[in-house]
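The values are calculated or read from the model by the stated rules, or taken from the named source; none is laboratory data. On a predicted model such as this, the values are computed, not experimentally measured, just so you know. A quick note on method: Cβ atoms are made from the backbone with ideal geometry, for glycine too, and the neighbour counts reach across all protein chains shown. Side chains included, ligands, DNA and RNA excluded: accessible areas come from the protein's heavy atoms. Shrake-Rupley method; radii C 1.70, N 1.55, O 1.52, S 1.80 Å.
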Amino acid sequence: MNPSKPSAASGPLLLADISGYTSFLRSVAEAHRDDAFAEGTIPDAYAMMSDLLDGIVGKVVPPFELAKLEGDAVFAYAVDAAQLPRGAAMLGCLTDCYADFRHRLDTAHQVWTCRCMACSRIDDLDLKFILHAGPFVVQSIAGGRELVGPEVVMAHRLLKTEAATLVGHGAYALITEAAAERFGVPTQGALSVVETYEHYPPITVYVYPLRR
């Protein structure tokens with residue numbers, strides 16, 4: 001694919017979003033404003049967040065390709081469907097990534113040097129996935145690769161749903177009907193929800209809890 005000119009593609013669009021990321025780092029920044037930051041050192045929490053994002057990328061790339069990091073989220077895609085897992089294996093890819101995320105959080109307690117209330121909120125972090133599929137355009141903007149198109153917008157809008165309320169926590173995979181049909185993801189046992197957004201027809205999604 002030539003990055004110098006827009007290229008049409010079609011495939012999966014994956015977002016892995018760390019829930020609680022912004023409030024956690026804001027709390028850490030406030031708690032350490034007069035000590036760590038004042039002395040020019042960075043609290044361990046920042047390195048931990050980098051490690052969590054590195055871990056997510058390491059688990060989903062490959063089979064997906066990294067589009068970009070979006071602060072608290074990893075945005076990935078694919079254009080070669082032959083290399084992607086199908087059926088239950090697609091769910092397995094996401095659950096394996098989630099298991100690694102939880103392992104990294106648990107490991108942090110063993111090396112964490114700060115026990116303040118703000119840093120202790122690391123246990124409030126969680127991970128959710130949005131998997132959509134459809135056409136998009138890959139183009140070069142300011143020297144970087146960008147994915148654009150209505151389905152890219154839809155994938156990002158699906159980050160804001162009531163799925164966490166439905167499953168009782170923030171750890172879930174939300175897979176659209178388009179992605180489930182395209183990759184043969186089983187929907188038995190998933191929570192079926194119809195989401196509505198301005199300028200789009202209603203979209204059916206399936207929500208899979210990643211932990212009890």
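Scan the range 152-187 for residues that are outside any helix (DSSP H, G or I), modelled with pLDDT under 95 and farther than 12 Å from Lys128 by Cα and the total you get is 2.
Reported count of residues in the range 116-149, each being farther than 23 Å from Ser19 by Cβ and either outside any strand (DSSP E or B) or without any contact (Cβ under 8 Å) to a residue 60 or more places away in the chain (or both), is 5. Given Gly168, Gly134, Gly189, which one is open to solvent by less than 70 Å² (accessible area, probe 1.4 Å) and more than 30 Å from Ser27 (Cα to Cα)? That would be Gly134, the only listed residue that is open to solvent by less than 70 Å² (accessible area, probe 1.4 Å) and more than 30 Å from Ser27 (Cα to Cα).
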